[in-house]
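Input: a single structure, listed below in structure tokens.
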Amino acid sequence: MKADSLHMAKVFSSGGDVHYVLPHFQREYAWEKPEWQTLLTDIFSVYEIYDDEQPPEHFMGSLVVINDGTQAGTVPVFRLVDGQQRLTTLSLLLCALERLLDGDDTYSSLCRKLRRMLVNQDESGDLHYKLLPTVKYSDRACYCAIVTGRQPPESVESKVPEAFIYLTSQLDNRFKSDGIDAHRLFNVLMTSLQVVFINLSPNERPYEIFESLNYKGKSLTQADLVRNYIAMKLPPERQEPVFTGLWSPIEEMLLEKRTVGRSRLGELTAFLRHYFAYLSGVLINEEHVYSRFRDRGQAMSVAEFEQELTHIKRFARYYDRLLRPQRELDIEVRQQLERLRILESATGYPFLLFMYDEWQQGNISRDEFLAGLRLIETYMVRRFLNRDSTNYLNKMFPVLIRDIQVTNFAASLRRALGTRNEPSDVRLRQSAETVELYGKDSSTRQKLALVFDAINRQLSAGSGAYTVLSDDPTIEHIMPQTLTDAWQRHLGENWQQDFGLLHTLGNLTVVTLDWNSQLSNSRYDVKRQKLAEHGLLLNQVYFRKQAPDVWNGQSIRTRAQWLMARITENWPQLNETAATWEEKPKAVVILDEVYPVYSWRDVLRRTAEFAVQWCGDKFEEQVVAKRASYFIREPSNDAWHKLNNGWWVYVNLSADAIKQVSAAIIEAADIPKDEYDVKLW
């Protein structure tokens, strides 16, 4: 290893020939506005104090290169192991300066100097450019176009054109507002900016040095480090064919700049994480993706490693279709994948990779594959309607493979899903009246729209056709989110309790945005009439034939059961032998105190009474405000229980509903969840 301190003029060979090329393991150009701004700030800070006789020095970090000898007889060639972000940005800055000065005879000599810092004028092809960026995200194509004065390709992911535009505009502003001297600025760039130039020989394992420089500081993504390891593992003669034929196509399919689901992981990192979960049955932490890849690679020969990359490429194609169903050629499969995409089934990707491969390898039929997709949809829809946590699925799906019999695929998958916390029909009927389904995030609304669309199609079964919305679906609240005086009078004295059911299934439907605006906060009789005339049978059938004259809590619960009956027909319970008997409580344990109970109503009464004691004067603020539909000052019937502080709690609920309401009270009262338990007989 040889290290020297060089100013940038020397890095660019003082106008002579030199060629820097980025090896395969390098990532794409990744700097953005914060880094560009910092660089310009540093440069103009030096500009302010610049002295021709004693130029100030500004350290720019290190450039780590491998000397690859010469090409075309005289051009020194270096592989750029580290420092490409700085060198690319400075090259773009020189190009921007040249572009702004071009055409002004006063600067013709300076423009020639700038050009010599960018290109090897007597060379052609790739060797013409002093810097040759990576091909990833079209960085090379964009950079070469800019340097030669052409328009860069459109619709590319590269940040190079954006950087050039930004640097050009900032320089132009400086020239116009601050009267910057171009010659002085050029001297600052060439003589004040310094780097430590570290020249390696190939036998010094440059890939390991790259890993050491970047991995410990975590400046690279997991996908960047995986790419570097591939170069570390392969002998030089195998790098070009493997990267060109295997790894580059994977990176082009699964762009790290795009993210997957709620994880916000880059596509390639997310894929590798799910691929390893498919292989091992364990979803690893995102920060361990590279180390898992490295550990697998270290146990393989080069030939085995290349075979592994071939296998990964095959699975990357499946993953690409899971993310972008439109790329699946089979129309029915594509439609089913799109439905799973709406349901945010990313937690199921390890298992879906397994399914896809079994289908593509001919181990299961197309019909079995479609049946499997529908079973997973059923499972996901039922858990969504019960608002079950997705955390469980991260552990469940990777190990699901172990219980699948490929020779009896659909039946074994149905049995396996049915025994993995699938909400029963009884549970869903109870949840329909209490669980809030509407959320502000668009993904939840899309799931609801999918559910309502399925019910609408089901109601149209046998007619030979079904209606669809003329525009994108929006979720409409029948009892509006903002209650007018007219609506409060319509609801009656229990309006606060009924308003607590605002976001539950029975109070929601689907219309277009235009209809949503028309309905808005209209009176119930107006909404009822319009929905009875709506094009969707989902609205027309119910509000023309079954809707009551008054829309209140009971009406909402009744419609919820009507909808749920159709939901459970469309997505039937997977576990046909699930027990239907109801567990009986014998005690509530709170903060190590045991309170005997004799029914689920007792559980709710005891839980609410403890919350009263725990919260004291803040009970209304902490608990009632968050669960207003279950508390009232003056009850209208005997379905209420009076608490010690004068509030009444609604107890005429099912066992599952009481479990949910009790848990909500504990959470609202800030009682530690692990200090609350219901003991059963």
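All of the numbers you see were taken from the coordinates with simple rules; none came from a lab. Quick caveat, the model's predicted, so the values are computed rather than measured. Methodologically, a virtual Cβ is constructed for each residue, glycine included, from the backbone with ideal geometry; neighbour enumeration extends over all protein chains shown.
What is the sum of charges around Leu340, taking Lys and Arg as +1, Asp and Glu as -1, for the other residues whose C-beta is under 12 Å from the C-beta of Leu340?
With Lys, Arg at +1 and Asp, Glu at -1, the net is +2.
Starting from 0.36 nm per residue, how many nanometres of slack lie between Asp105 and Lys2 once their C-alpha separation is accounted for?
Roughly 32.9 nm would be gained on extension.
Taking neighbour Cβ counts within 10 Å as the exposure measure, how do Thr41, Thr89 sort from fewest upward?
Neighbour counts put them in this order, fewest first: Thr41, Thr89.
Find, among the trypsin sites (Lys or Arg not before Pro) in segment 251-325, those assigned to loop by DSSP (not H, G, I, E, B) with at most 16 other beta-carbon atoms within 10 angstrom.
Hits after loop and neighbour filter: Lys257, Arg258, Arg264.
What's the local net charge at Tyr318, with K and R +1, D and E -1, over the other residues with C-beta under 15 Å away?
+4
Using alpha-carbon positions, what is the distance between the centroids of segment 60-78 and segment 414-442, in Å?
62 Å
Are there trypsin sites (Lys or Arg not before Pro) in segment 54-161 that DSSP puts in a loop and that have at most 16 other Cβ atoms within 10 Å, and which ones?
Counting only loop positions with at most 16 other Cβ atoms within 10 Å, the trypsin sites (Lys or Arg not before Pro) in segment 54-161 are Arg150.
Test of understanding: extend the Cα→C-beta vector of Glu533 to 7 Å, then name every residue of segment 454-497 with backbone N under 19 Å from that spot.
In segment 454-497, the label zone of Glu533 (backbone N under 19 Å from the point 7 Å along Cα→Cβ) covers 468-471, 478.
First measure r as the distance between the Cβ atoms of Asp51 and Lys257, then evaluate 1/(1 + (r/R0)^6) with R0 = 45 Å and state the FRET efficiency to the nearest 0.05.
Step by step, r from the Cβ atoms, then E = 0.60.
Report the charge-dipole magnitude of the chain in Debye, nearest 20, computed about the Cα centre from +1 at each Lys and Arg Cβ and -1 at each Asp and Glu Cβ.
Approximately 1820 debye in magnitude.
Excluding Gln170 itself, calculate the net charge of residues whose Cβ lies under 12 Å from the Cβ of Gln170, where each Lys or Arg counts +1 and each Asp or Glu counts -1.
Neighbour charge sum, excluding Gln170 itself: +1.
In nm, to one decimal, how far is the modelled label at Ser517 from the one at Ala461, with both set 7 Å along Cα→Cβ?
3.7 nm
Please determine, in degrees from 0 to 90 and to the nearest 10, the orientation of helix 409-418 with respect to the longest principal axis defined by the Cα atoms of the chain, where the helix direction is its Cα long axis.
Between helix and principal axis, roughly 70 degrees.
Calculated from DSSP H runs of 4 or more alone, at -39500 (n - 2.57) each and per residue, what is the 222 nm mean residue ellipticity of the chain, nearest 500?
-15500 deg cm²/dmol
Given R₀ = 56 Å, FRET efficiency for Ser14-Ile342 by Cβ-Cβ distance, to 0.05?
Computed FRET efficiency for Ser14 and Ile342 comes out at 0.40.
Tell me the angle of helix 206-215 to the major Cα principal axis of the chain, expressed in degrees between 0 and 90 and rounded to the nearest ten.
50 degrees
I'd like the FRET efficiency for Asp172 and Thr148, computed as 1/(1 + (r/R0)^6) with the beta carbon distance as r and R0 of 22 Å, rounded to 0.05.
After rounding, the FRET efficiency stands at 0.60.
Using the alpha-carbon atoms, what tilt in degrees (0 to 90, nearest 10) does helix 600-615 show relative to the longest principal axis of the chain?
60 degrees
Below 12 Å, Cα to Cα, which aspartates and glutamates can Lys33 reach? Residues fewer than 8 away in the same chain don't count.
Excluding near neighbours in sequence, the set is Glu162.
Among the aspartates and glutamates, which fall within straight-line cross-link reach of Lys679, defined as a Cα-Cα distance under 20 Å, with same-chain neighbours fewer than 8 residues apart omitted?
Glu582, Glu583, Asp592, Glu593, Asp602, Glu609, Asp656, Glu667
Using only the Cα atoms of the chain, construct the convex hull and provide its projected area averaged over every direction, in square nanometres to one decimal.
If I average the Cα hull's projected area over directions, I get 40.6 nm².
Testing the spin-label approximation: label points 7 Å from Cα along Cα→Cβ at Gln335 and Ala628. State their distance in nm.
The two pseudo-label positions are separated by 4.3 nm.
Which of the lysines could a cross-linker bridge to Lys626, judged by Cα under 22 Å and excluding same-chain residues fewer than eight apart?
Leaving aside lysines fewer than 8 places away in the same chain, those within reach of Lys626 are Lys440, Lys618, Lys642, Lys659, Lys673.
How far is it, in nm, from the label point at Asp674 to the one at Thr558 when both lie 7 Å from their Cα along the line to the Cβ?
Output for this residue pair reads 4.7 nm.
Mind listing which GluC sites (Glu not before Pro) in segment 104-178 are in a DSSP loop and have 12 or fewer other Cβ atoms within 10 Å?
For GluC sites (Glu not before Pro) across segment 104-178 that sit outside H, G, I, E and B with at most 12 neighbouring Cβ atoms in 10 Å, the list reads Glu154.
Mind putting a number on the dipole of segment 222-428 about its Cα centre? Charges go on the C-beta only, +1 for Lys and Arg and -1 for Asp and Glu, and I need it in Debye to the nearest 20.
Once rounded to the nearest 20, the dipole reads 600 debye.
Compare the peptides 612-618, 349-355 by average per-residue count of other Cβ atoms within 10 angstrom and give them in order, highest first.
Top to bottom by mean Cβ count within 10 Å: 349-355, 612-618.
Segment 304-342 to segment 596-669: how many Å between their Cα centroids?
Taking the Cα centre of segment 596-669 as reference, the centre of segment 304-342 is 49 Å away.
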